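Only one structure is covered here, and it is reproduced in the block below.
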Amino acid sequence: MASSTAKGEEATEFVENSPKRQNKVGRHCRRFWWVWLIAFCLFVLVIMIIIVYAILPAIAQKEIDKTVLNLHSFTILEPSPTSLLLSLNSTITGAGGIAAHAHLEPMEVIFFLENHKPIQPFMSLQLPSIKGGDAVPVIVTNVTTKITSVPALTEFSASLLGSETLRVAIRGRTTLWAGKLHTKVNYNEVVTTKGFNQLKGMEIEEYSLLNQTRQADGSNLAGKVLIPNPTVFEIQLGDVHINMSLNGQALGNGTISGLHIRPGNHTYDFRSRVQTSALIPLAAALGSGNPVVLDVRGNGTDINGVSIPWLAGPLSLLDVKVPIKATG
């Protein structure tokens with residue numbers, strides 16, 4: 001009984017003291033409301049800082065890394081020793097999460113061959129603002145771009161002309177906006193694209209002998225040559241000069257004037273000066289009915305008389321087998 005009585009007294013005391021405690025808490029809150037407001041604001045601020053400086057950058061970067069750049073066309077015009085005119089048609093796909101509804105500020109990107117150590121960009125390009133979506137177009141038209149490294153661009157040109165496929169890395173840094181929140185992100189992309197594969201499939205479709213004495217340039221052979229382009233690249237190469245040989249014997253040289261290679265299979269005019277001593281062996285080979293295959297190697301390229309070293313060097317490395325299409 002004593003125990004029950006003690007418990008009852010404690011319960012009664014607790015009930016009696018509860019309103020007093022609540023009154024104390026209420027008075028404390030009314031007196032120090034500004035302290036609680038500051039504490040709440042600081043709590044919200046800490047959460048926002050964590051979101052903006054820790055969570056948002058990590059999520060944004062992860063989603064950007066998931067995107068894929070699809071290259072539809074890449075045009076290089078007006079090449080010079082120091083600059084070129086670029087046009088790019090592409091789409092970005094794979095944006096999800098925050099990236100699907102965000103947008104990127106304009107950014108400058110650099111281009112370099114993947115796995116080249118150290119990284120050696122061969123050119124840069126200013127990209128416009130990019131909005132999120134399923135298939136976002138990224139289009140740049142006729143932008144004059146300075147060459148950042150002639151040796152690097154020469155290496156890229158050699159890879160483009162000589163390889164079946166190549167991988168080009170694109171890198172930039174910009175600001176991603178998600179509503180009113182923003183964060184810096186890195187854009188790292190590697191595009192796998194077809195190369196010219198040493199111009200395999202090149203073929204002389206038509207040819208005719210000329211009266212050399214009546215030609216201003218001294219040519220005695222002219223015709224049309226097929227040059228396949230399985231790539232998305234369109235390149236203005238200018239006046240391409242070539243050396244020709246047959247079965248190890250030098251034939252002479254020629255020129256494909258104003259060469260502008262577009263995607264697909266196209267024919268281009270050429271003119272050549274075959275050495276007089278090589279005309280009879282060439283004519284005999286053509287009349288034999290057997291396949292005739294010329295060895296063709298680049299010997300420089302120029303536009304309006306100005307040599308383009310980052311194109312001339314790679315062209316001189318190509319030793320192209322060019323069959324002459326049988327007639328009749």
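Report yes if some residue within region 178-185 is free of Cβ contacts under 8 Å to residues at least 60 places away in the same chain, outside any strand (DSSP E or B) and surrounded by 15 or more Cβ atoms within 10 Å (Cβ to Cβ); otherwise report no.
Checking region 178-185: not a single residue is free of Cβ contacts under 8 Å to residues at least 60 places away in the same chain, outside any strand (DSSP E or B) and surrounded by 15 or more Cβ atoms within 10 Å (Cβ to Cβ).
Considering only region 134-150, I want to know if a residue exists there that is at pLDDT below 95, loosely packed, with under 14 Cβ neighbours inside 10 Å and farther than 27 Å from Arg262 by Cα.
For region 134-150, residues at pLDDT below 95, loosely packed, with under 14 Cβ neighbours inside 10 Å and farther than 27 Å from Arg262 by Cα: present.
Of the residues Pro228, Pro314, Pro263, Pro291, only one is within 16 Å of Tyr207 (Cβ to Cβ) and at pLDDT 90 or above; which?
Unique residue meeting the criteria: Pro291.
Taking Gln275 as the residue in question, decide whether it is at negative phi, more than 30 Å from the chain's Cα centre (by Cα) and either in contact (Cβ under 8 Å) with a residue 60 or more places away in the chain or surrounded by 16 or more Cβ atoms within 10 Å (Cβ to Cβ) (or both).
No, not satisfied.
Could you list all residues from region 271-328 that are hydrophobic (A, V, I, L, M, F, W, C) and in a strand (DSSP E or B)?
Val274, Val292, Val293, Leu294, Val296, Ile303, Val306, Val320, Val322, Ile324
Take the conditions assigned to a loop (DSSP other than H, G, I, E, B) and either touching a residue at least 24 places away in the same chain (Cβ under 8 Å) or over 22 Å from Ser87 (Cα atoms) (or both) and apply them to Ala216. Does it pass?
Yes; evaluated as a whole, the condition is true for this residue.
The values are calculated or read from the model by the stated rules, or taken from the named source; none is laboratory data. Since the structure is predicted, the reported quantities are computational estimates derived from the model, not experimental observations. Methodologically, a virtual Cβ is constructed for each residue, glycine included, from the backbone with ideal geometry; neighbour enumeration extends over all protein chains shown.
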